[in-house]
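The values are calculated or read from the model by the stated rules, or taken from the named source; none is laboratory data. Keep in mind that this is a model prediction, so the values were computed, not measured. With ideal geometry, Cβ positions are generated from the backbone for all residues, glycine too; neighbour counts draw on all protein chains shown. Ligands, DNA and RNA are stripped out before the accessible areas are found, and what is left, the full protein with its side chains, is counted by its heavy atoms. Shrake-Rupley method; radii C 1.70, N 1.55, O 1.52, S 1.80 Å.
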Amino acid sequence: MSLETADVRISSSWERPDRKWLSAFSAFPVANIGDAMERLSMCDAGIVPVSSNTDFVGFAFPVLVTAGDNAAVILSLDHIQPGDVMMINGLGHLDRALVGEQLTQRFQHAGAVAQVIDGAVRDRKVIESTGLPTFCRGTTPAGPYKNGPGVIGEPVAIGGVVCSAGDIVVGDADGIIVIPFWRAEAVLVAVQEVARREAAMTAEVTQNYQ
């Protein structure tokens, strides 16, 4: 088999939400958003940044692959829109990298704001040099196969958290959180209150220990 004949299913096109939501959530750290979401919906601690540039907010672009095969990842390039976060479920497989130098640069040029891989990457130094926030489960020099199967645009699980196309994904040095879009308005109200309480506690500490 080859990329041209790979068995990759592509979901019917989905609508990205209004980008105002990205600006709204960019003001808050992942920890605060997590507190506002019952301390759930955060990817497990095995999904870690591989570069120093960690902060991002974007809309989930889900991709599912079979272990060690990135045919669907490559074909997703035709569907990326600015503001997307590549959410790639590689089944946690660490023996073959799903993304490296070439795909990272192509994602970035297509407008992706980050990539989160439940699996491995390679070319870590080049990924770092691009500045594209990249989170994954590990690194390996071994390249992937390109035979499929795979799925583009349907819900996937990343680090134990399910995300659907158009969900809001926020990342920083602490990790990743997924906000189901149907909850966005309520979560925004809740995180504003969390931030208010945090600011009040910080002010109290500053006042008491000056």
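Residues of the range 79-98 being surrounded by fewer than 19 Cβ atoms within 10 Å (Cβ to Cβ) and either basic (K, R) or farther than 21 Å from V169 by Cβ (or both), which ones?
L94, D95, listed by residue number.
Within the range 112-127, work out how many residues are more than 17 Å from V65 (Cβ to Cβ) and either crowded, with 16+ Cβ neighbours inside 10 Å or under 14 Å from the mean Cα position of the chain (by Cα) (or both).
Final tally of qualifying residues: 5.
For G58, only one of the following conditions fails: (1) surrounded by fewer than 19 Cβ atoms within 10 Å (Cβ to Cβ); (2) closer than 20 Å to I152 by Cα; (3) touching a residue at least 12 places away in the same chain (Cβ under 8 Å). What is its number?
(1)
Can you find a residue that is within 13 Å of I168 (Cα to Cα), part of a strand (DSSP E or B) and touching a strand residue (DSSP E or B) at 6+ places or on another chain (Cβ under 6 Å) anywhere in the range 31-41?
Checked against the condition, which is being within 13 Å of I168 (Cα to Cα), part of a strand (DSSP E or B) and touching a strand residue (DSSP E or B) at 6+ places or on another chain (Cβ under 6 Å), the range 31-41 yields no hits at all.
Condition test on S41, is it hydroxyl-bearing (S, T, Y), surrounded by 15 or more Cβ atoms within 10 Å (Cβ to Cβ) and touching a residue at least 40 places away in the same chain (Cβ under 8 Å)?
It is true that S41 is hydroxyl-bearing (S, T, Y), surrounded by 15 or more Cβ atoms within 10 Å (Cβ to Cβ) and touching a residue at least 40 places away in the same chain (Cβ under 8 Å).
What is the one condition in (1) under 25 Å from T66 (Cα atoms); (2) open to solvent by less than 40 Å² (accessible area, probe 1.4 Å); (3) assigned to a strand (DSSP E or B) that V162 does not satisfy?
Here V162 clears every test but (2).
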